[in-house]
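Contents: one structure, followed by commentary.
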């Protein structure tokens, strides 16, 4: 009896030992990438998403027809595609891929998702991105109600067709936007209001799945074993902490909790000197928009020379040094230089230095004199303008520097009006401003994304400026199927815009960030998402 | 007592209704709207307004909101898609309350003790020390205390985690940072109140009876002096338990604090209203508890009025 007991105990003991041994050896070295976001992800419903944090997660858990990585268009759910002669019909051939619950990804999923994006009942903010699709705009505006008239169609389970109104040779890159990522009808209809609000309330076809999502606190992504290209994914997990305060994120990075952190502009110089800061353009392009509508109280705003005087009085290098320690760089033209050209970047193929980084006070005063002669004003002190900005530290610093430069050089009075962000949008939308600090981030990799918003019938262009020649050139470019000829037309339009000066270019934003040693393969895109760690790895 | 509670309850309901109604009107008066952004076009704005029912006349929206509120439905956030406001509160309030309770306990203990020590040591160095601590606590804004504690005890010395919320060690620095102001406030009130009480006749009588100093302080002085502290403790508790923007931001605590600020910045009407209603109810409840406490601490204060 005693012996039996001993034996049983021995077996249990050995079993325990073995279990402990297993427990200790089991977790193989996990490759985990940890970073933080300043704001909670406002939603992961791909069609309704409207923010960068959503796009960062969205592009890692979902995959569209193509995947854009480091500016290159790679096959995604579509393994190949054909484009018709006239550039109007795109036919995508889908690969055999699975959602994480084992169901196949089909062309019907894409048909459903694209129609859902345009359905006015969805109220998707990014629906405008699909206005280039046949009947897309009419359906979204409620002018037609039959979704089958929209130019997207599942020809069979594996073939998806997009019909366009006009050729869009940048379409493939455009499809990386989160609003074009797929979802599944049965899941949306089953989840209803809960769709995409938690890890288990959605399906995934991307490189990662959401393992855990505690709102405002933490999100954990795990490698998706069912992803078609999962062999190429090196990370096992990604951990996203919600850290609102930039300095806290920096302290967490310094204490080793984070693998990557963004550097605030006031500390950029320090980390740049230490050789730790990496920088890249965010895609955001900022300018002063001028309300050029004739106004007897402020006749100078409608005068091109006056606007040029402002533009030449600005010392971009100096005010950016003061306000962002040189993190943002002067923009000497309008279009973001790094958008795609034919072969290289647009700015390499169509170079232009319209303004200079330093001010040119001579030129500025000459333009001011011309304007005053034309308006019959003898004293610059009689001229006053008001510059509308939103209540952010960065905007305030910039505006104060601009105020000083312009008043010093031109002798006019330059007032700064600070309002909340929402009020700025309101006043800008209602054209209730003289000068306003404005800007644009690109939606697709083409100069058109910046140029088209200045069309005289475009709602974003509330400056009162409209130019027939400009409109005609942009319209002609939309019909053009030769990319080189199309970009040459857009270049003409850009020059008209700069000559007419309804806006004064200011700066191109850059972001600075750093990673812990051993982290590699991080890409910071400038369209849609601002972080791509799909092919990243962490060796510790 | 039952009648009193019932009366208080009805008044509270009325207060919350008034509060929500006033805020409902006020947020709509703020310039701008929840949907405006860089890229919004008029057609898409119309779709969004229809989706959220903003195309209805304002009074219809109001009645619908109040109707839903009566059923306990606070609506959906306009910024966080498909996120019910009640879920935002349910998710974040426990963190704020956790931090808040730690803070209130710690700050009351330290603050009241400091006040008592100062009050009993009139004109002595110990009193000045307590006053200095109080002045520092009152005048240092919490973003400074929070950042300094984080930098020295978190990053430089490594005694505590820099931020995040994963266990007891993570709660120490934010609790300290959040306690500073309350400690200062409570110790000042307690000190003044102690000095007040010390000069009273019944203290002299107690002394003349030959009671021990401890018994005088504990049974007579403290009990009488603590009433003003209890009064302020009500609103302070409500404010701290429902979250603080600065400390929660600095220590990356997923509490309710930042929703007040971000809600207003984003003009997220439903979040602003939901949080206001929640805070209002909480404040009323805290004040109610204070009223009950009065009666326990000082039996002369009767809740139901004069008894015959």
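The values are calculated or read from the model by the stated rules, or taken from the named source; none is laboratory data. All of these numbers come straight from a predicted model, not from anything done at the bench. Quick reminder, even Gly has a Cβ in these numbers, built from the backbone with ideal geometry, and neighbours come from all protein chains shown.
So which residues in the stretch A:462-514 are in a strand (DSSP E or B) and closer than 28 Å to residue A:426 by Cα? I'd like the intermediate steps shown before the answer.
Within the stretch A:462-514, the subset in a strand (DSSP E or B) is A:503-514.
Once the filter is applied, which keeps residues that are in a strand (DSSP E or B) and closer than 28 Å to residue A:426 by Cα, the stretch A:462-514 yields A:503, A:504, A:505, A:506, A:507, A:508, A:509, A:510, A:511.
Restricting attention to the stretch A:274-316, the residues that are surrounded by 22 or more Cβ atoms within 10 Å (Cβ to Cβ), in a strand (DSSP E or B) and out of contact with any strand residue (DSSP E or B) (no Cβ under 6 Å at 6 or more places or on another chain) total 1. The set of residues in the stretch A:167-188 being farther than 16 Å from residue A:445 by Cβ and either touching a strand residue (DSSP E or B) at 6+ places or on another chain (Cβ under 8 Å) or free of Cβ contacts under 8 Å to residues at least 24 places away in the same chain (or both) consists of A:186, A:187.
Do we have any residue at all in the stretch A:51-67 that's assigned to a loop (DSSP other than H, G, I, E, B), without any contact (Cβ under 8 Å) to a residue 60 or more places away in the chain and within 17 Å of residue A:527 (Cα to Cα)? Break it down stepwise before answering.
Step one: of the stretch A:51-67, the residues assigned to a loop (DSSP other than H, G, I, E, B) are A:51, A:62-65.
Imposing the further condition that a residue be without any contact (Cβ under 8 Å) to a residue 60 or more places away in the chain reduces the set to A:51.
Going one step further and asking which of them are within 17 Å of residue A:527 (Cα to Cα), we end up with A:51.
Checking the stretch A:51-67: at least one residue is assigned to a loop (DSSP other than H, G, I, E, B), without any contact (Cβ under 8 Å) to a residue 60 or more places away in the chain and within 17 Å of residue A:527 (Cα to Cα).
For residue A:387, state whether it is out of contact with any strand residue (DSSP E or B) (no Cβ under 8 Å at 6 or more places or on another chain), in contact (Cβ under 8 Å) with a residue 40 or more places away in the chain and on the phi < 0 side of the Ramachandran plot. Judged against the criteria, residue A:387 is not a match. Filter the stretch B:148-169 down to the residues that are without any contact (Cβ under 8 Å) to a residue 12 or more places away in the chain and part of a helix (DSSP H, G or I) and list them by number. Within the stretch B:148-169, B:148, B:151, B:152, B:155, B:156, B:168, B:169 qualify. Answer yes if at least one residue in the stretch A:320-331 is more than 18 Å from residue A:442 (Cα to Cα), in a loop (DSSP other than H, G, I, E, B) and without any contact (Cβ under 8 Å) to a residue 60 or more places away in the chain, and no otherwise. Scanning the stretch A:320-331, I find at least one residue that is more than 18 Å from residue A:442 (Cα to Cα), in a loop (DSSP other than H, G, I, E, B) and without any contact (Cβ under 8 Å) to a residue 60 or more places away in the chain, so the answer is yes.
How about the stretch B:23-140: which helices (runs of 4 or more DSSP H) wholly inside it have at least 3 residues that are away from every other protein chain (no Cβ under 14 Å)?
Numbers: elements: B:42-51, B:58-70, B:85-120, B:125-139.
In the stretch B:23-140, the matching helices (runs of 4 or more DSSP H) lie at B:58-70, B:85-120, B:125-139.
Inside the stretch A:135-163, residues that are within 28 Å of residue B:49 (Cβ to Cβ), away from every other protein chain (no Cβ under 14 Å) and surrounded by fewer than 18 Cβ atoms within 10 Å (Cβ to Cβ) make up a count of 4.
Across the stretch A:404-423, which residue is nearest to the other protein chains (Cβ to nearest Cβ) among those that are part of a helix (DSSP H, G or I), in contact with a strand residue (DSSP E or B) (Cβ under 7 Å, 6 or more places away or on another chain) and closer than 28 Å to residue A:381 by Cβ? Among those residues, the one meeting the criterion is A:406.
From the list B:217, B:229, which one is part of a helix (DSSP H, G or I), more than 14 Å from every other protein chain (Cβ to nearest Cβ), within 27 Å of the chain's Cα centre (by Cα) and buried (at least 19 other Cβ atoms within 10 Å of the Cβ)?
Details: B:217 fails: within 27 Å of the chain's Cα centre (by Cα).
Exactly one of B:217, B:229 is part of a helix (DSSP H, G or I), more than 14 Å from every other protein chain (Cβ to nearest Cβ), within 27 Å of the chain's Cα centre (by Cα) and buried (at least 19 other Cβ atoms within 10 Å of the Cβ), namely B:229.
The condition of being in contact (Cβ under 8 Å) with a residue 12 or more places away in the chain, closer than 19 Å to residue A:517 by Cα and within 14 Å of another protein chain (Cβ to nearest Cβ) holds for only one of A:238, A:196, A:249, A:277, that being A:249. When you scan the stretch A:253-262, do you find a residue that is farther than 30 Å from residue A:499 by Cβ, in a helix (DSSP H, G or I) and at pLDDT 95 or above, even just one? Yes, there is a match, as at least one residue in the stretch A:253-262 is farther than 30 Å from residue A:499 by Cβ, in a helix (DSSP H, G or I) and at pLDDT 95 or above.
So in the stretch B:114-126, with the set limited to residues that are surrounded by fewer than 21 Cβ atoms within 10 Å (Cβ to Cβ) and touching a residue at least 40 places away in the same chain (Cβ under 8 Å), which one is farthest from residue B:175 (Cα to Cα)? Talk me through it step by step, then tell me what you get.
Of the stretch B:114-126, the ones surrounded by fewer than 21 Cβ atoms within 10 Å (Cβ to Cβ) are B:117, B:120-126.
With the extra rule that they be touching a residue at least 40 places away in the same chain (Cβ under 8 Å), the set shrinks to B:120, B:122.
On the way: B:120: 28, B:122: 30 Å.
Restricting to residues being surrounded by fewer than 21 Cβ atoms within 10 Å (Cβ to Cβ) and touching a residue at least 40 places away in the same chain (Cβ under 8 Å), the top hit is B:122.
Of the residues A:127, A:138, A:123, A:194, the single one that is within 19 Å of the chain's Cα centre (by Cα) and over 15 Å from residue A:64 (Cα atoms) is A:127. Being touching a residue at least 60 places away in the same chain (Cβ under 8 Å), touching a strand residue (DSSP E or B) at 6+ places or on another chain (Cβ under 8 Å) and buried (at least 20 other Cβ atoms within 10 Å of the Cβ): is that true of residue B:270 here? Against the criterion (touching a residue at least 60 places away in the same chain (Cβ under 8 Å), touching a strand residue (DSSP E or B) at 6+ places or on another chain (Cβ under 8 Å) and buried (at least 20 other Cβ atoms within 10 Å of the Cβ)), residue B:270 qualifies. Counting the residues of the stretch A:508-540 that are touching a helix residue (DSSP H, G or I) at 6+ places or on another chain (Cβ under 6 Å) and under 25 Å from residue A:247 (Cβ atoms) gives 4.
Could you say whether any residue in the stretch B:254-266 is part of a helix (DSSP H, G or I), under 30 Å from residue A:38 (Cα atoms) and more than 14 Å from chain A (Cβ to nearest Cβ)? No, every residue in the stretch B:254-266 fails to be part of a helix (DSSP H, G or I), under 30 Å from residue A:38 (Cα atoms) and more than 14 Å from chain A (Cβ to nearest Cβ).
Within the stretch A:257-269, does at least one residue satisfy the condition of being surrounded by 21 or more Cβ atoms within 10 Å (Cβ to Cβ), touching a residue at least 40 places away in the same chain (Cβ under 8 Å), over 28 Å from residue B:152 (Cα atoms) and in contact with a helix residue (DSSP H, G or I) (Cβ under 6 Å, 6 or more places away or on another chain)? Within the stretch A:257-269 (the criterion being surrounded by 21 or more Cβ atoms within 10 Å (Cβ to Cβ), touching a residue at least 40 places away in the same chain (Cβ under 8 Å), over 28 Å from residue B:152 (Cα atoms) and in contact with a helix residue (DSSP H, G or I) (Cβ under 6 Å, 6 or more places away or on another chain)), the answer is no, since none of the residues qualifies.
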